[in-house]
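I have placed the structure first, in the form of structure tokens, so that the comments after it can refer back to it.
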Amino acid sequence: MRRALCILWLLASLLAGCNQPFEPNGPLNNTLVVYSILSCRNDTQYVRLSATSGAPPVPEIRGAAVSVTSGRQVIQFRDTTVLWRDTAGNPSPTAVYVAYNAPVLGNALYSLKASTPSGLTASASITALTQPLLSLQPGATAGFFVLNRVFKSVSGAAVLHFYLDYYALVNNGWELHTEEVPSRRYVDPAGNEVFEYPSFSPVGSLVAGGTTVLIDSTLFQVTRTIVYKKYAPAPVVFRDIRFVLTQIDDVLYDYYYLNNGPVDISTIRLDVPVYTNIKGGYGIFGSRGEVILLLGLAP
């Protein structure tokens, strides 16, 4: 039985991942599927609901009662439709439950409950992450960007991405584009240049004052050259460089690792396990934190 669960983020903008098909397969007797990632960076939170079924498409679930409780605070979600963009950039209307003006407090317990008019119910509880910190270290180290990374929660895993934002003249109009700067490059045995990009690694412990991260600035220069070549002879105007530190909690990292971790070919069971922390249903209820460090570039 395949239960395909929509998951973000992961890692490139998690909300952007929510426009993927959300149609888990399962027994003909429906079971509620819940997908929600609380963001400690934003005060707007989302919940998506679906149900297992014998065959797609799964009808949208409307009119459900959805709430998240933390202490005496009860956050009520309302049924709405938002316009996501799919992986090709096309607008795609998506049924979601949304709560505005709902900031998430770090290290607080949050409990989600969902019930549908047809009688399906599910629930889950998590401890929300505290927002990490990211800053540029004073002083200079030749050939490197020097950053300081501070985690406030010992939970899950984190990844630091490095982006170059720029305007390119395309069809007589200026367009805003982004190019990710690799974390490493090397030449393979065939003589081809290979670029590697960062991936999630566990947050093992809290370090007072944070940890120093050195980023090779030559990789930034290589990326600038790639951008120039991509649009030549059209002009390119570089806008800024953007460091994005994303942390996901244990729930999301367990899901990520089980579905993307190494496969041991000697094991007996080779199917991909399905991870869920939803009681009475399937899906994922987790939390994430993200901090952005923006550095302007001189024209």
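The values are calculated or read from the model by the stated rules, or taken from the named source; none is laboratory data. For clarity, every value in this text was computed on a predicted model and none was experimentally measured. Every residue, glycine among them, receives a Cβ derived from its backbone with ideal geometry; neighbour counts consider all protein chains shown.
I need a count of the residues in the range 175-218 that are assigned to a loop (DSSP other than H, G, I, E, B) and closer than 28 Å to V150 by Cβ. Working first, answer last.
Going through the range 175-218, the residues assigned to a loop (DSSP other than H, G, I, E, B) turn out to be 181-183, 188-192, 197-200, 203-210.
Among the residues that remain, those that are also closer than 28 Å to V150 by Cβ are: 181-183, 197-200, 203-210.
Residues in the range 175-218 being assigned to a loop (DSSP other than H, G, I, E, B) and closer than 28 Å to V150 by Cβ: 15 in total.
Residues in the range 99-123 that are hydroxyl-bearing (S, T, Y) and surrounded by fewer than 13 Cβ atoms within 10 Å (Cβ to Cβ) were compared, and the one that is modelled with the highest pLDDT is Y100. Quick check: anything in the range 50-63 among the β-branched types (V, I, T), assigned by TED's automatic domain parsing to the domain that holds N277 and either part of a strand (DSSP E or B) or at pLDDT 95 or above (or both)? Checked the range 50-63: no residue is among the β-branched types (V, I, T), assigned by TED's automatic domain parsing to the domain that holds N277 and either part of a strand (DSSP E or B) or at pLDDT 95 or above (or both).
Output yes when any residue across the range 136-155 is under 12 Å from D249 (Cα atoms), exposed (fewer than 15 other Cβ atoms within 10 Å of the Cβ) and either under 21 Å from the mean Cα position of the chain (by Cα) or in the same structural domain as V98 (by TED's automatic domain parsing) (or both), and no when none is. For the range 136-155, residues under 12 Å from D249 (Cα atoms), exposed (fewer than 15 other Cβ atoms within 10 Å of the Cβ) and either under 21 Å from the mean Cα position of the chain (by Cα) or in the same structural domain as V98 (by TED's automatic domain parsing) (or both): present. The set of residues in the range 87-98 being surrounded by 12 or more Cβ atoms within 10 Å (Cβ to Cβ) and of a type outside the set (F, W, Y) consists of S92, T94, A95, V96, V98.
L83 falls short on exactly one of the conditions (1) of a type in the set (A, V, I, L, M); (2) in a strand (DSSP E or B); (3) closer than 19 Å to G283 by Cα, and that condition is (3). Return yes when V96 is among the aliphatic types (A, V, I, L, M), touching a residue at least 24 places away in the same chain (Cβ under 8 Å) and in a strand (DSSP E or B) and no when it is not. Yes.
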